[in-house]
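To start, the structure under review is shown below, and the notes come after it.
The values are calculated or read from the model by the stated rules, or taken from the named source; none is laboratory data. Predicted model only: the values in this text are computed from it and were never measured. Here Cβ is always computed from backbone atoms with ideal geometry, including for glycine, and neighbour counts include all displayed protein chains.
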Amino acid sequence: MMNPLIQRQIAFNLSSSDAWNVFASHRNQVTSMLKQGSDLSRLCILGAGNCNDLDLPALVQAHPEVHLVDIDADALVQGTTRQNLANHANLHFHWDIDLTGTIDRMAHWSPTSILSEADITACIDAPTGCLEKLPGPFEVVASTCLLSQLIKMIVDTIGEHHPQFLEVIQAIRLGHLRLLLQLLNSGGLGVLITDVVSSDSYPPLTSVPTQNLSQVLVQLVRQGNFFHGVNPAAIVHLFRQDPVLSQQVATLEPVGPWRWNFGPRHYAVIAVKFRKR
Ligand SMILES: C[S@@+](CC[C@H](N)C(=O)[O-])C[C@H]1O[C@@H](n2cnc3c(N)ncnc32)[C@H](O)[C@@H]1O
């Protein structure tokens with residue numbers, strides 16, 4: 001039987017596989033940040049899934065190698081086929097890769113589980129298991145609205161009232177950020193893109209003008225109305241304070257927020273661009 005956490009990702013991807021048109025402005029935002037390339041640059045995108053947030057023709061033009069990574073192989077195949085690029089020489093597929101390295105372990109967790117020190121350490125360290133499966137290091141590495149999905153797996157297994165919940169989601173987040181840096185070349189560009197809150201918990205989000213979005217997001221964060229683990233200020237702080245991350249990061253640039261029209265709901269999305277030393 002397939003891991004239920006993977007099944008959930010597949011179902012989520014299927015629910016938005018036809019969302020190409022409605023994603024247009026979000027796709028422009030994401031693509032514009034990943035287009036900076038050169039004759040030699042290699043781009044690696046974590047959580048590429050349906051690729052509806054990626055203008056792949058523009059990206060394969062900017063980079064001689066574009067590597068798409070996801071746990072959902074069908075989403076990658078169908079997404080690239082929709083953009084008529086499934087056989088493009090510059091595109092490389094890495095499917096069935098679990099970027100947490102712990103998804104099988106996590107599938108056994110429940111609200112009554114007591115997690116060991118080894119479980120927590122694995123959340124931080126196991127993501128590096130995918131390094132040997134990917135032909136890094138890369139000049140540009142992006143994580144496209146994946147972090148909130150990784151953290152949601154913890155919400156869906158142990159639940160947000162579990163006494164170790166905070167510790168686990170912080171470990172997952174740290175493991176993901178460290179992975180991004182490990183995949184990068186020295187001097188390379190990392191782009192962490194994450195959804196922060198949706199119109200499900202703040203319905204007026206669908207109509208907030210872009211110029212007011214920053215202010216609204218600050219207020220929502222203050223009120224605690226955002227997805228666990230993706231407080232933009234906390235992410236920037238972590239890049240600066242974690243001994244492993246801060247040592248490797250040369251520059252940090254917060255981008256956004258902007259609005260992602262997902263169809264059934266809208267998300268406020270932010271990015272953090274960083275250079276590896
Ligand atoms: C919100 S989607 C990103 C948006 C997507 N690029 C699109 O066009 O809709 C997050 C992606 O992360 C993938 N994902 C979730 N957990 C993963 C994991 N542990 N390892 C690798 N990929 C994962 C999902 O399959 C999904 O494609």
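Assessment of segment 82-99 against the conditions (at pLDDT 95 or above and touching a Gly at 6+ places or on another chain (Cβ under 7 Å)) yields no matching residue. Of the residues making up segment 102-121, those that are touching a helix residue (DSSP H, G or I) at 6+ places or on another chain (Cβ under 7 Å), within 13 Å of the ligand (Cβ to nearest atom) and of a type outside the set (S, T, N, Q) are ILE103, ARG105, MET106, ALA107. Scanning segment 125-138 for residues that are surrounded by 20 or more Cβ atoms within 10 Å (Cβ to Cβ) and closer than 19 Å to PHE239 by Cβ, we see that the one that is farthest from the ligand (Cβ to nearest atom) is PHE138.
Which of the residues spanning segment 149-183 are within 19 Å of VAL236 (Cβ to Cβ), touching a helix residue (DSSP H, G or I) at 6+ places or on another chain (Cβ under 7 Å) and surrounded by fewer than 20 Cβ atoms within 10 Å (Cβ to Cβ)? LEU174, ARG178, listed by residue number.
Here the condition is being part of a helix (DSSP H, G or I) and either under 18 Å from the mean Cα position of the chain (by Cα) or among the β-branched types (Val, Ile, Thr) (or both); of ILE169, ILE193, it holds for ILE169 alone. So is VAL197 on the phi < 0 side of the Ramachandran plot and buried (at least 20 other Cβ atoms within 10 Å of the Cβ) or not? When the stated conditions are applied, VAL197 passes them. Applying the criterion of being of a type outside the set (A, V, I, L, M, F, W, C) and in contact with a Lys or Arg (Cβ under 9 Å, 6 or more places away or on another chain) to the residues of segment 93-136, the residue that is nearest to GLN164 (Cα to Cα) is ASP119.
Summed over segment 77-101, the residues that are away from the ligand (no atom under 11 Å from the Cβ), in contact with a Pro (Cβ under 8 Å, 6 or more places away or on another chain) and closer than 26 Å to LEU5 by Cα give a count of 1.
Filtering VAL69, VAL30, VAL22 for residues that are of a type in the set (Val, Ile, Thr), out of contact with any helix residue (DSSP H, G or I) (no Cβ under 6 Å at 6 or more places or on another chain), within 13 Å of the ligand (Cβ to nearest atom) and under 30 Å from THR121 (Cα atoms) leaves a single hit, VAL69.
May I ask you to verify whether ASP104 is in a helix (DSSP H, G or I), under 21 Å from ASP74 (Cα atoms) and not hydrophobic (A, V, I, L, M, F, W, C)? So ASP104 fits the description; yes. Taking segment 63-94 as the range and being small (Gly, Ala, Ser) and buried (at least 18 other Cβ atoms within 10 Å of the Cβ) as the test, the residues that pass are ALA75, GLY79. Considered as a group, the residues in segment 1-60 that are within 15 Å of the chain's Cα centre (by Cα) and part of a strand (DSSP E or B) include one that is surrounded by the fewest Cβ atoms within 10 Å (Cβ to Cβ), and that residue is LEU46.
Residues that are assigned to a loop (DSSP other than H, G, I, E, B), in contact (Cβ under 8 Å) with a residue 12 or more places away in the chain and either among the basic types (Lys, Arg) or over 16 Å from ILE169 (Cβ atoms) (or both) within segment 115-136 comprise LEU134, PRO135, GLY136, listed in sequence order. For segment 40-56, a residue qualifies if it is of a type outside the set (A, V, I, L, M, F, W, C) and near the ligand (Cβ under 8 Å from one of its atoms), and the qualifying residues are GLY47, GLY49, ASN50, ASN52, ASP53. Within segment 251-261, track down each residue that is buried (at least 21 other Cβ atoms within 10 Å of the Cβ) and over 30 Å from ARG277 (Cβ atoms). If the condition is that a residue be buried (at least 21 other Cβ atoms within 10 Å of the Cβ) and over 30 Å from ARG277 (Cβ atoms), then ARG259, TRP260 are the ones that fit.
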